[in-house]
Amino acid sequence: MASGPRTGFPAPDFTLPGGMLADDTFERRDYTLSAARGRAVVLAFYPGDNTAVCTKQLCAYSSGLEAFEDLDAEVWGISPQGVDSHESFARGQGLRMPLLADTGRETCRAYGVAAPGIGVRRSVFLIGPDGLLRWKHVALLGATFQSVGTLTQQLSGIGKP
């Protein structure tokens, strides 16, 4: 497994297609990490839409969005499925955060979380408003995920640039 970016260094920039459920509309657009500067970003890499642990994880993050917003942070889910799959997943679960499609796994490789067999290791990267990687957790097995409480605690130490 590649090591990926190091804490305290710039997070690899990327642009990925994705979308976000807003009321009854799934708004599709491209998401670029560097365009989010000024706010913290939680990058939640997950293996697949509509799988048991991924569904629990993304539902927890979606229902906890206010806690992230209170810390001036956005949450982006990233997996190898396409935008159509993400739309179905978001609609089926009522997910309220952007879901990004890394179908070629280039971003997964840049972050060191591409894995043979499972495709992507469940992992979370906290990017500061200055674009620096502030904290990361990469799961070996991925049967559990980092809680909203753990992530907001880590985020509370990230200040404005």
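Given the rule -39500 (n - 2.57) for each run of at least 4 DSSP H residues, summed and divided by the residues of the chain, what is its mean residue ellipticity at 222 nm, to the nearest 500 deg cm²/dmol? List each step's numbers first, then the result.
Details: 5 runs with 42 residues, N = 161.
Computed ellipticity for the chain at 222 nm equals -7000 deg cm²/dmol.
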Whole-number accessible area per residue in Å² for the chain, which is evaluated in the context of all protein chains at 1.4 Å: 45 Å²
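Taking only the alpha-carbon atoms of the chain, what semi-axes of the equivalent ellipsoid follow from 5 times the gyration tensor eigenvalues under a square root, in whole Å, largest first?
Details: eigenvalues 85, 68, 47 Å².
After scaling each eigenvalue by five and taking roots: 21, 18, 15 Å.
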Centre separation in Å (Cα based) which lies between region 92-111 and region 3-40: 9 Å
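The values are calculated or read from the model by the stated rules, or taken from the named source; none is laboratory data. Not measured: the values here are computed from a predicted model. We work out accessible area using only protein heavy atoms, side chains counted, and drop any ligands, DNA or RNA first. Shrake-Rupley method; radii C 1.70, N 1.55, O 1.52, S 1.80 Å.
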